[in-house]
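The values are calculated or read from the model by the stated rules, or taken from the named source; none is laboratory data. Here the structure is a predicted model, which means the values were calculated and not measured. Note: ideal-geometry Cβ built from the backbone for every residue, glycine included; neighbour counts use all protein chains shown. Accessible surface areas use protein heavy atoms only, side chains included; no ligands, DNA or RNA. Shrake-Rupley method; radii C 1.70, N 1.55, O 1.52, S 1.80 Å.
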Amino acid sequence: MASRPIVPQQGRGEAVLGGNMHQKKNIGAAADGRNRRALGDIGNLVPVRGIDSKAQGQVSRPMTRSFCAQLLANAQAAAAAENNKKIICANVNKVPGAGKKAAAAKVVQKKVIVKPKPKPDEVIEISPDTEEKEEENVKNNKQEKAVNGKKEGTTKKKVQAFTSVLTARSKAACGLANKPKEEIVDIDAADANNDLAGVEYVEDIYKFYKLAENESRTHNYMDSQPEINEKMRAILIDWLIDVHQKFDLSPETLYLTINIIDRFLSVKTVPRRELQLVGISATLMASKYEEIWPPEVNDLVCISDRAYTHEQVLVMEKTILAKLEWTLTVPTHYVFLARFIKASIPDKEMENMVYFLAELGIMHYETIMFCPSMVAASAVYAARCTLNKTPAWTDTLKLHTGFSEAQLKDCAGLLVFLHLRAAESKLQTVHRKYSNPQRGAVAVLPPAKSLLPPSLCQ
């Protein structure tokens, strides 16, 4: 296979001496036109012809065109003065690197130093055939850097508008700016070493209470009682609270007594004359369940002014147990009150206020429409509002009660309304109980009217 002959070309700006200079220029121009640009891109490997028509290695000449012309003129003048003295160039093929040294001796390399603003010490070598392109690139780079510098300057300087400044100041004045996220308090940390507290199981226990309260919950039953109304029920519970005080019974007994009465009245029609008997029998049952030393039957007969006999109390006890199917283990208001009060991190005044509102609530029939856990949570919320605790409802309370502040508005408003009317009511047992200085006299504190509807505030 035949190969195409390679025509050597003359380097640009090289001095040519001798008789065939015109012919050599033409040949170099032709070769330069065909091969220079194509080969110039591949590592600058274009062969160069010297004066003695021998091939030389390509010499990197970082020079300008004007300087190249000056060198050509100086070379011609030196040749004429020395009578066409021939400059002997080393054979590139025999002595490697000699041609480069000879060419470097004749041609003084020139370095064009470009000093951009970011890098003042940077040096860029420009070959003759790419000088114009490099100058254009330098100009373009300077323009781009100038534009980018302006953009960076504008991005670094962030001018804050007056509206944002005023908004930030308003939030700071109202206490809304950069509020730290509230932490959930571990209310069981203090009881970690108390085996009776059951810290490992307490969360599961209250999840079960939440499910079980709906099974034992009583609904509206007054429509099924022809001889009993809401006022009679309130009178009975007001009297039973006084009985519990005289016998010094525990709060668990009181709340279980009321739970038994409501559950029995929801399944059994009771005449008016036996309503107090139901209350006495329920107290006896709850005392046996909760107390270590429950009161005797004769004590309950005496405290009821002997309106009923010993046998009547025992017969009613059996009747109640049969109707309730002997189910006495139920979540009452008290089990939720104990947990929710603990979650509120209370003081003694706070605890007394919660119990005061809760007893007002269970005494009135209106609260039966709410489940026990909601009544207990609403009592805590209303107590915190009454005592001006901030915040009124914390994330810890929301976690342990399962209710948000908005969900408690209606029930808490009802409890505050009962507090507002307690001093003027005919049923004074609860108000008198919590007006005692031993209980902090919380009943005489002004109610939280902010929870009341506007129509009830007047």
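Structure notes:
- Spin-label model distance (nm) - ILE303 vs VAL267, 7 Å beyond Cα toward Cβ: 2.5
- Per residue, the accessible area of the stretch 333-456 comes to 41 Å² when a 1.4 Å probe rolls over the protein heavy atoms.
- On the stretch 333-456, 55 percent of the accessible area sits on carbon and sulfur atoms, based on a 1.4 Å probe.
- Loop-located trypsin sites (Lys or Arg not before Pro) in the stretch 181-280 whose Cβ has at most 15 other Cβ within 10 Å (DSSP): LYS181
- Restricting the stretch 313-370 to chymotrypsin sites (Phe, Trp or Tyr not before Pro) in coil, as DSSP defines it, with at most 13 other Cβ within 10 Å: TRP326
- Per-residue HN-Hα couplings for the stretch 224-238 [Karplus 6.51, -1.76, 1.60; θ = phi - 60°; Hz; x = Gly/Pro]: 8, 10, x, 10, 10, 10, 5, 5, 5, 4, 4, 5, 4, 5, 4
- Annotated for the stretch 376-458: lysine pairs at least 8 residues apart or interchain, Cα distance under 17 Å, count 5.
- A probe of 1.4 angstrom, applied to the heavy atoms of all protein chains, finds ASP186 with accessible area near 100 square angstrom.
- In Hz, Karplus ³J(HN,Hα) per residue of the stretch 186-203 (6.51, -1.76, 1.60; θ = phi - 60°; x = Gly, Pro): 7, 6, 9, 5, 5, 9, 5, 9, 9, 5, 6, 6, x, 4, 5, 10, 5, 5
- Solvent-accessible area assigned to carbon and sulfur over the stretch 222-324 amounts to 50 percent, based on a 1.4 Å probe.
- Net length gained if the chain between GLU230 and LYS426 were fully extended (0.36 nm per residue, minus Cα distance): 69.1 nm
- Nitroxide proxy distance, nm - points 7 Å out along Cα→Cβ at HIS310 and LYS210: 4.9
- The modelled label-to-label distance for the pair SER404/ASN193, using points 7 Å beyond Cα in the direction of Cβ, is 4.1 nm.
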